[in-house]
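Worksheet: the structure to be examined is printed underneath.
The values are calculated or read from the model by the stated rules, or taken from the named source; none is laboratory data. In this text, all values refer to a predicted model and were calculated from it rather than measured experimentally. Here the Cβ positions follow ideal geometry from the backbone for every residue, glycine too, while neighbour counts run over all protein chains shown. We work out accessible area using only protein heavy atoms, side chains counted, and drop any ligands, DNA or RNA first. Shrake-Rupley method; radii C 1.70, N 1.55, O 1.52, S 1.80 Å.
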Amino acid sequence: MLDMKFVRDNLETVRTMLKNRNNPLSLDGFSDLEKKRREILSETEQLKNQRNSTSKKIGAMKKAGENTDAISAEMREVGAKISELDNELRDVEEKLRDFLLHIPNMPKEDVPIGKDDSQNPEVRRHGEPRKFDFAPKAHWDLGESLNILDFDRAAKVSGARFTFYRGLGARLERACINFMMDLHANKHGYTEMLAPYIVNRDSMIGTGQLPKFAEDMFKVENSDFYLVPTAEVPTTNYHRDEILSAENLPEYYSCYTACFRAEAGSAGRDTRGLIRQHQFNKVELIKFTKPEDSWNELESMVDAAEDVLRILEIPYRVVLLCTGDMSFTSAKTYDIEVWMPAQDKYREISSCSNCTDYQARRANIKFRRDTKSKPEFVHTLNGSGIAVGRTVAAILENYQQEDGSVLIPKALVPYMGGVEKICK
RNA sequence: GGAGAGUUGUCCGAGUGGUUGAAGGAGCACGAUUGGAAAUCGUGUGUGCGUUGAUAGCGUACCGAGGGUUCGAAUCCCUCACUCUCCGCCA
């Protein structure tokens, strides 16, 4: 969340930001609440001061054997007033907190203002989309005809937006996970993690999924548990309520998890194939950095994610998200979009964001520059490194042959136990 | 799931109603000592909020979380979470 004082002192700037993000939140009432909070606080603290000093006095009087009935009665009234004010204060602070939890992060100055994804500027491209001398098939058709993806049985067993991988399909998904984890651990310096798939409410608030996006999550019934929508949640909250030491920064983590998303509101979109599933695999990259380093760290994180596609030799482009398309917690986001021949367009396969101190403030993650200095909020970054199901889809479409077989990218062959091609 | 024990500052660890933000120790920082270091000695060493020009001072809150009793709670009561031990079950 944003700093309360920042919102108070920059109300119009925050309003403009909300408008640029197409966020309808109204800040009416915020200033009054903020002012009210300080008024109550000053009054209640004054009374507490009185109570504290008088209570000490009462202790001394009792020791001296004096009667304290009158003064105790007086303090009882002060106490009643205090608890009345405290209740009022709690109410005001709850409302303020609710405001703050619903205000998204401030975009960096160089983020273009725009309505939606049509206004995301392209930053760079890598690789030439292959020229097919036959009509390329969609990955779901390839997967079914090769008998490596089974959407029908997944629908029977679970429902829409689930998939069975089988045989070399399952092997390919697993090969991608292993390849990505090895790449980030060995080449890019990320510490490998495996995290819980179920997290509590505080974690979901810490990274910004709650309270606003509850309908996008799967909640475990009769509990306060949620299925993780991304490894960003457990991995960023790994350091919740901690003060990190400066010499450990930046901290890099890579974490594979399955991801669970309700996909409410995307009915009818990407109904076929691996693109939009209730459960999918993802390798996530997470960084905790000093504030002054986070922008460079964002660039190197995107590069690490791009590296996956470069090594797999699949064409992609990088776009910079405009204000209207950026996620809630992000100050700046690059999306990597992979070339999908059957759709004849680039599709998102990774999203890398610098959340600056926004999540750190929610999750209370700080660091200390040295023993004498006050703790400061870290910056948190997260990025897909990369979405595994979409990678498999991209491999199937980009590496397909006219006879319906699919070649395995060279870098994955060792992870496939030497298999170089998937055929019928 | 059953029974019991715990949760205090960076760490260890005292503290069962009053001057305790919290004994003592360790660590750390600064200073003294030293040719330099170790050892030793001295001083200091939490966070949030409010006030403020101020990372000064003052006030306030915080001893797992939330509520209650009391003039006053780390200390008493209630609820919850987590940790540990034993039993049961189990990949």
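In chain A, the DSSP-assigned H stretches of four residues or longer account for a calculated mean residue ellipticity at 222 nm of -12000 deg cm²/dmol, using -39500 (n - 2.57) per stretch and the full residue count as denominator. Filter A:Lys56/A:Lys372; A:Lys5/A:Lys332; A:Lys5/A:Lys290 down to the pairs with a C-alpha to C-alpha distance above 26 Å, please. Cα-Cα > 26 Å for A:Lys56/A:Lys372; rest within. Between the listed residues A:Asn147, A:Val157, A:Val111, the Cα displaced farthest toward the positive end of the dipole of the range A:89-194, a dipole computed from Cβ unit charges relative to the Cα centre, is found at A:Asn147.
Rg and Dmax of the range A:322-424, both derived from C-alpha coordinates alone, stand at 20.4, 68 Å.
With +1 on the Cβ of every Lys and Arg and -1 on the Cβ of every Asp and Glu, and nothing else charged, how large is the dipole of chain A about its Cα centre, in debye rounded to the nearest 20?
The calculation lands at about 480 debye.
Put simply, when A:153-164, A:133-144, A:374-385 are sorted by average Cβ atoms within 10 angstrom per residue, most first, you get A:374-385, A:133-144, A:153-164.
Starting from 0.36 nm per residue, how many nanometres of slack lie between A:Arg51 and A:Lys187 once their C-alpha separation is accounted for?
42.8 nm
In the full protein context, the range A:117-422 carries 42 Å² of accessible surface per residue, based on a 1.4 Å probe and ignoring ligands, DNA and RNA. Each semi-axis of the equivalent ellipsoid for the range A:376-424 is √(5λ) with λ an eigenvalue of the Cα gyration tensor; in descending order they amount to 33, 13, 6 Å. In loop segments of the range A:170-242 as defined by DSSP, the GluC sites (Glu not before Pro) with at most 12 further C-beta atoms inside 10 Å of their C-beta are A:Glu221.
Of the residues A:Ser351, A:Ile275, A:Asn67, the one whose Cα sits farthest towards the positive end of the charge dipole of chain A is A:Asn67 (charges of +1 on Lys and Arg Cβ, -1 on Asp and Glu Cβ, taken about the Cα centre).
With the convex hull of its Cα atoms as the shape, the range A:206-344 has an orientation-averaged projected area of 10.6 nm².
When Rg and the Kirkwood Rh are both derived from Cα coordinates, the Rg/Rh ratio for chain A amounts to 1.10. Placing R0 at 22 angstrom, the Cβ-Cβ distance between A:Asn222 and A:Glu263 gives a FRET efficiency of 0.45 after rounding to 0.05.
Note on chain A: with neighbouring protein chains present and a 1.4 Å probe, carbon and sulfur make up 47 percent of its accessible heavy-atom surface. Contact order, relative form, for the range A:1-81: 20 percent (alpha carbon pairs under 8 Å, 6 or more residues apart, mean separation divided by residue count). Indicate the gyration tensor shape class of the range A:4-102 (rounded, prolate or oblate), computed on the Cα atoms with a ≥ b ≥ c the square roots of the eigenvalues: a/c under 1.5 is rounded; otherwise a/b larger than b/c is prolate and the rest oblate. Judged from the Cα gyration tensor, the range A:4-102 comes out prolate (a/c at least 1.5, a/b above b/c). Distance between the C-alpha centres of the range A:1-79 and the range A:245-259: 38 Å, rounded to the whole angstrom. Taking other residues whose beta carbon is less than 15 angstrom from the beta carbon of A:Asn22, and scoring Lys, Arg as +1 and Asp, Glu as -1, yields +2. For the pair A:Gln343 and A:Asp202 in one chain, pulling the backbone fully straight at 0.36 nm per residue adds 46.8 nm over the alpha carbon distance. Highest average first, the peptides A:299-308, A:278-287 ordered by how many other beta carbon atoms sit within 10 Å of their residues are A:278-287, A:299-308. Relative to the Cα centre, the charge distribution of the range A:4-102, modelled as +1 at Lys and Arg Cβ and -1 at Asp and Glu Cβ, gives a dipole magnitude of about 380 debye.
On the beta carbon distance between A:Lys374 and A:Arg166, with R0 = 51 Å, the FRET formula returns roughly 0.35.
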